[in-house]
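Report on one structure; see the data block that follows.
Each value in this text was obtained by applying a stated rule to the coordinates, not by laboratory testing. These figures come from a predicted structure and were not determined experimentally. Counting neighbours? That spans all protein chains shown, and the Cβs are built from the backbone with ideal geometry, glycine included.
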Amino acid sequence: MEATPYRLNDGKFRLIGIPLISCVVPAIQHFDDFRQLNATFGMYLLISVCTTLMLWEGNRLIITQARRAFPSYSQTTQRLLTEAAAGLLFTLVATFLLDQILCKGILHKEELLIGFRRSLVPTILVYLIYEAIYFFEAWKENVRKTESLARESVQSQLEVLKNQLDPHFLFNSLNTLAALIDDENIDAQQYLERLSDVYRYVLVSRHKNTVPLEEEIAFLDAYVYLNKIRFRDNLQVDKQLSPTAYRQYVTPLSLQMLIENAIKHNVVSKENPLKISIQQEGDQYLVVENTIQEKTILRSDGRDESMRVGLQNIINRYSLLTDRQVEIIRTGSLFTVKIPLLLS
């Protein structure tokens, strides 16, 4: 999905700012002519209007392009450096051209530098106002996203641990139970170890916004192992991932939710084994796909329970982390979810 082009909503600011600076600058620089309101001041006023309009609109274009290139709150330094370099160069060139066109004389180097320095003051003032407003709005948006992400994380934890015992208590109980199991009962020992791995991961990752895919896959392997004890070969999970993908990031418990959804909403039997594949799509997306052999689960009020709360939770969390959207595709025989791979 193509991002919406950035646009400055500064119509009123320009409507007031350009005439104001156009009048104030020549009035200060040529105060005697301003007091007399003579023809000379009128000429200075005309030159000031043309100069202010060109410098304002040109630098405004630079600001717009810089914000498109470096839109995020974390890219403030890159954006400011770009605006400063481009703005200084444009102001120097624009001042030279305007003096040549409007003053119609042979421009000396000293006169150029004087005009340039005079133009810098209102230019810097305008930049400061634009950036102060943008920085404050970006800061508010960043705070809003952080708070929303925290709420989504809490909701995710509640969904994963729904109808379960407190994870700390259960984790400690599992360790105690492992000590009571006969050492010769290898299957029971392995099952408890994997179950402990699952709850350990929940405890460690529940306060994080993102985790390395390598950690999420290790957790998923333990989760799938527990389910395969129940479903045996009727549950088939295949992974095809490159080493590069393992170094990227996903939201914690997102893959587990997708596997859980697939098991919950589909028949898993010897006649109809549930096949799930996990693969990457370039370096942008992780694709989780399962065969559709749907079973209907009705709630007490008679409505279909497949409201996909887990899917909506994943969608909400990724919307706060990236502009790339979670994609959900359903065909006749396959249900596919694409989640963005993140850099951090």
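Annotations for the structure displayed:
- Measuring r between the beta carbons of Leu334 and Leu88 and using R0 = 51 Å, the FRET efficiency lands at 0.35.
- Kirkwood-based shape ratio for the range 200-257, expressed as Rg/Rh from alpha carbons: 1.00
- Net length gained if the chain between Arg14 and Gln65 were fully extended (0.36 nm per residue, minus Cα distance): 16.6 nm
- Pairwise centroid distance, computed over Cα atoms, of the range 231-270 with the range 177-204, Å: 21 Å
- The residues Ser333, Ser72, when put in order of fewest to most other Cβ atoms within 10 Å, stand as Ser333, Ser72.
- Note on Asp323 and Leu37: their simple-model spin labels are 5.0 nm apart, each label 7 Å out from Cα toward Cβ.
- Size descriptor, Kirkwood hydrodynamic radius, that averages inverse alpha-carbon separations across the range 196-344, Å: 16.0 Å
- For Phe90, net neighbour charge (Lys/Arg +1, Asp/Glu -1) across residues whose Cβ lies under 11 Å away: -1
- Nearest-0.05 FRET efficiency for Glu281 and Thr176, computed from C-beta distance (R0 35 Å): 0.20
- 5 angstrom amide H check on Lys239, placed H, neighbours 5+ away: Ile278
- Applying the Karplus relation 6.51 cos²θ - 1.76 cosθ + 1.60 with θ = phi - 60° to the range 135-140 yields 3J(HN,Hα) values of 4, 5, 5, 5, 5, 4 Hz, where x marks Gly and Pro.
- Under a 5 Å amide H cut-off, with hydrogens placed 1.01 Å from N, Val267 pairs with Gln293, Glu294, Lys295 among residues at least 5 apart or on other chains.
- Look at Leu213, Leu241, Leu97 and count the other Cβ atoms within 10 Å of each Cβ; fewest to most, that gives Leu97, Leu241, Leu213.
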